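Let me begin by presenting the structure, written as structure tokens, before commenting on it.
The values are calculated or read from the model by the stated rules, or taken from the named source; none is laboratory data. Please read all numbers here as calculations on a predicted model, not as lab measurements. Because the Cβ atoms are built from the backbone with ideal geometry, glycine has one as well, and the counts that use them run over all protein chains shown. Protein only, heavy atoms only, side chains kept; ligands, DNA and RNA dropped before computing areas. Shrake-Rupley method; radii C 1.70, N 1.55, O 1.52, S 1.80 Å.
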Amino acid sequence: MLHLLGYFAAIFIGLSLGIMGGGGSILTVPVLVYLMGVSPVLSTAYSLFVVGATSVVGAAGYFRKGLVSVPTALVFLATSLVAVFATRKLLMPAIPAELFTVGSLVITKDLLVLVAFAVLMVVAATSMIRSRQAEEILHDDEQHKHRINYPLILTVGAVVGLLTGFVGAGGGFLIIPALVLFARLPMKLAVGTSLLIIATNSLIGFTGDLSAGTPIDWPFLGGFLAFALGGIVLGTYLARFISGARLKPAFGWFTLFMGAFILLRELVFR
């Protein structure tokens, strides 16, 4: 029964990526851990592959519509690719299985990943709940050409690469505001460009896992991916009629609930 819910959630992950250009990937690790029974650290690797491959399909759909800014994506990726590959190849394998103890609580690598992920979910939820503010700023400035803030884009790229590598999330909740506010991209162009960045970051991060010898259950991963791909194809189509900015607050509250659930389950009711 839990596995069936997991595959349904995979469709939802792809759907949200297609409509909003981000957000759905933040649910991939919790779905894999709590519904599919995959270990937290391995789930981050699986998440990178699923999110990356799904985002490729979504980015292709936006590219055909002319809604991807390749030059902006290349600037963003200049730092994020280095950060994500180094994190998966060097940092993650170097973290010991058991870190330290706090009273009777043993802080393990798996627990660290889940807690970090839950904190990221809370931050992402806050960003999505307040997403209307970013869109309002964009509409106020849309008619005026501003100089692109390359240093800030490069800095955000490095931060996103580190987070993507550590927790296996695409980071769309950080990428889209950066593209809107610092690169001055219209929202739909920011969504398509975000998908290209997420796809590249995630798949490069996954190659770091492969080169580090991470064991991969390809039949399971392929099946989960198939449902996510169906979701993003549908989401890319529905994006013509549905405003992702309007959906984000509701999705943000759901993400906030999930983040709080993980923190309580892992730290309080463990």
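Okay, residues lined up against (1) at pLDDT 85 or above; (2) out of contact with any Phe, Trp or Tyr (no Cβ under 9 Å at 6 or more places or on another chain); (3) surrounded by fewer than 16 Cβ atoms within 10 Å (Cβ to Cβ):
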position: Leu114; (1), (2), (3): yes, yes, no
position: Ala125; (1), (2), (3): no, no, no
position: Val160; (1), (2), (3): yes, no, no
position: Gly170; (1), (2), (3): no, yes, no
position: Val191; (1), (2), (3): no, no, no
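Screening Phe63 on (1) open to solvent by 40 Å² or more (accessible area, probe 1.4 Å); (2) at pLDDT 90 or above; (3) more than 22 Å from Leu179 (Cβ to Cβ) shows it passes everything except condition (3).
Against the definition (farther than 23 Å from Lys89 by Cα, open to solvent by 60 Å² or more (accessible area, probe 1.4 Å) and not in a helix (DSSP H, G or I)), how does Phe241 come out, yes or no?
Details: farther than 23 Å from Lys89 by Cα: yes; open to solvent by 60 Å² or more (accessible area, probe 1.4 Å): yes; not in a helix (DSSP H, G or I): yes.
So Phe241 passes the test.
If you go through segment 96-112 one residue at a time, how many are open to solvent by less than 40 Å² (accessible area, probe 1.4 Å) and either farther than 17 Å from Glu266 by Cβ or hydroxyl-bearing (Ser, Thr, Tyr) (or both)? Working first, answer last.
Filtering segment 96-112 for residues open to solvent by less than 40 Å² (accessible area, probe 1.4 Å) gives 107-109, 111.
Add one more test, that the residue is either farther than 17 Å from Glu266 by Cβ or hydroxyl-bearing (Ser, Thr, Tyr) (or both), and what stays is 108.
So the answer is 1.
Applying a threshold of 8 Å to beta carbon distances and a minimum spacing of six or more residues, or different chains, the list of pairs starting in segment 170-198 at a residue that is at positive phi and small (Gly, Ala, Ser) and ending at one that is outside any helix (DSSP H, G or I) and buried (at least 24 other Cβ atoms within 10 Å of the Cβ) reads Gly171/Gly22.
Give the residues of segment 2-24 that are under 19 Å from Val123 (Cα atoms) and touching a Phe, Trp or Tyr at 6+ places or on another chain (Cβ under 9 Å), sorted by residue number.
Just the residues of segment 2-24 that are under 19 Å from Val123 (Cα atoms), to begin with: 13, 16-17, 20-24.
If the condition is that a residue be under 19 Å from Val123 (Cα atoms) and touching a Phe, Trp or Tyr at 6+ places or on another chain (Cβ under 9 Å), then Ile13, Ser16, Met20, Gly21, Gly22, Gly23, Gly24 are the ones that fit.
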